[in-house]
Structure formats: structure tokens, C-alpha cells
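Step one of this worksheet: look at the structure below.
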Amino acid sequence: MFDNLGLPLAISVTAANIYDGNEGKNLLEQLKTVSTRMELIRADDTYKGSFVDKAKAYGWVVEFGQKPESQKGFVPQKKGR
């Protein structure tokens, strides 16, 4: 996970068969200790579900990016808020 300047806040390296949403919950534990001013997490759809619930428990909002259905691969998102 990175801040809005692109600096890393929390890092985890796992095997390719580990689901992002589950590992993301572990990253929230790391963030809890280093980021006291964070309010918003931008994520893709793989982080929906229990990741969002855990982020809300820490008082953080999770916002999901939108991309056109015709678009394949990575699409840079505009900054909101």
C-alpha cells in the first residue's frame, strides 16, 4: 500500500495463489501502527468484502476505482477527494 505520493506505507510479498483481499487485511494491521492520519483507501474490486469491513473498523473508508468494461488491464485512476 502506498500514500498519495507513491511512497510505500505497508508491504507484503506472498505466493501468487494468495487472494489479495485476504492478504490486504494483514496490510491493514501494518497500516494501523504507522498511519494515524489516513482516512481513505483506494482499491480495486478484489478488496471488496471482509477487507472493507476491517478497514471500517479502523475508521477508514475504502473507495473502488471504475474502469470502462471494454478496457483491459491496468487503468490509472483520477485522484478524488
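The set of residues from the stretch 36-65 being farther than 18 Å from GLY21 by Cβ and not hydrophobic (A, V, I, L, M, F, W, C) comprises THR36, ARG37, GLU39, GLY59. Close Cβ contacts (under 7 Å, 6 or more residues apart or on different chains) running from residues in the stretch 16-29 that are surrounded by 15 or more Cβ atoms within 10 Å (Cβ to Cβ) and at pLDDT 85 or above to residues that are hydrophobic (A, V, I, L, M, F, W, C) and outside any helix (DSSP H, G or I) comprise LEU27/MET1; LEU27/ALA10.
Within the stretch 35-49, which residues are exposed (fewer than 10 other Cβ atoms within 10 Å of the Cβ) and either farther than 16 Å from GLY59 by Cβ or not charged (D, E, K, R) (or both)? If you could, list the steps in order and put the result at the bottom.
First, the residues of the stretch 35-49 that are exposed (fewer than 10 other Cβ atoms within 10 Å of the Cβ): 36-37, 39.
Result: THR36, single match.
When restricted to residues that are under 12 Å from the mean Cα position of the chain (by Cα) and assigned to a helix (DSSP H, G or I), the stretch 25-43 contains 5.
Going through the stretch 30-54 one residue at a time, which ones are of a type in the set (Val, Ile, Thr), free of Cβ contacts under 8 Å to residues at least 24 places away in the same chain and under 18 Å from GLN66 (Cα atoms)? Scanning the stretch 30-54 gives a single hit, VAL52.
Among the residues of the stretch 1-15, the ones that are within 23 Å of GLN66 (Cβ to Cβ) and either modelled with pLDDT of 85 or more or surrounded by 12 or more Cβ atoms within 10 Å (Cβ to Cβ) (or both) come to 1 in all.
The values are calculated or read from the model by the stated rules, or taken from the named source; none is laboratory data. Given the structure is predicted, the values throughout are model-derived calculations rather than measurements. Backbone-built Cβ (ideal geometry, glycine too); neighbour counts: all protein chains shown.
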